[in-house]
């Protein structure tokens, strides 16, 4: 199942943020845990395009659709990630409809976008096909996800969501709070109003909506508000916190 097929399902989609571990088993680990998708982060990690190319195969082998965040809104980053096989593309700080259109142009082939053509490579599983068929298949497979994490982006989100080719919106909650001048104040009415605008735009224009969450309770709350892609914690923190809790419990239990 691809990311777009997953997005079409009317149920919560639960995933994990991958920022540290890109081992061959990572996709199967997520699958065994019952995860629906992976958020593979190239912005805040040391992951290279070579690492992405391998990781895409690990997730694909396990049947885990993947959203890949590239480091910046640049054509060579978005298009190259697509060539490596990434299907869901996300770029930081999308603040205007023009930036959303630039994403679409980098991710989609003619006639939807302006992505440079490279066929019979990783993204189409090295298969030969008539050119028009290959371009249409790639356009159908790839998804553009706009990361809304600036005050300007929250103000413009309705227009961003109307851009043809945009499939989903993602809230970058920390950067959004900083841009609003209230770092980390996620219960501040100003922050909540900005998030409400994003939720309303996603519902109005039928775009899927995602966010990272640090705990189960917040995941449940956000799903009820309209977020259907719930990315629970990340590989670093699941491992660290699980080990910390177990280590503490054992030490206390043997006293």
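Which condition breaks for residue 250 when tested against (1) outside any strand (DSSP E or B); (2) touching a strand residue (DSSP E or B) at 6+ places or on another chain (Cβ under 6 Å)?
All conditions pass for residue 250, except number (2).
Against the definition (at pLDDT 95 or above, in a loop (DSSP other than H, G, I, E, B) and buried (at least 18 other Cβ atoms within 10 Å of the Cβ)), how does residue 186 come out, yes or no?
Considered against the rule, which asks whether it is at pLDDT 95 or above, in a loop (DSSP other than H, G, I, E, B) and buried (at least 18 other Cβ atoms within 10 Å of the Cβ), residue 186 comes out as no.
Might you check whether a residue that is under 22 Å from residue 93 (Cβ atoms), over 17 Å from the mean Cα position of the chain (by Cα) and touching a residue at least 12 places away in the same chain (Cβ under 8 Å) occurs anywhere in segment 57-76?
yes
Conditions (1) touching a residue at least 40 places away in the same chain (Cβ under 8 Å); (2) within 19 Å of residue 73 (Cα to Cα); (3) under 18 Å from the mean Cα position of the chain (by Cα), marked per residue:
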{"site": "150", "(1), (2), (3)": "yes, yes, yes"}
{"site": "166", "(1), (2), (3)": "yes, yes, yes"}
{"site": "175", "(1), (2), (3)": "yes, yes, yes"}
{"site": "194", "(1), (2), (3)": "yes, no, no"}
{"site": "199", "(1), (2), (3)": "no, no, yes"}
{"site": "202", "(1), (2), (3)": "yes, no, yes"}
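Going by the structure shown, is residue 233 touching a residue at least 12 places away in the same chain (Cβ under 8 Å) and in a strand (DSSP E or B)?
Yes; evaluated as a whole, the condition is true for this residue.
Mind listing whichever residues of segment 117-137 are under 12 Å from residue 79 (Cα atoms) and either touching a residue at least 40 places away in the same chain (Cβ under 8 Å) or not in a loop (DSSP other than H, G, I, E, B) (or both)?
Result: 123, single match.
The values are calculated or read from the model by the stated rules, or taken from the named source; none is laboratory data. As the structure is a prediction and not an experimental result, all values here were calculated from the model. Cβ sites come from the backbone with ideal geometry, for glycine too, and all protein chains shown count toward neighbours.
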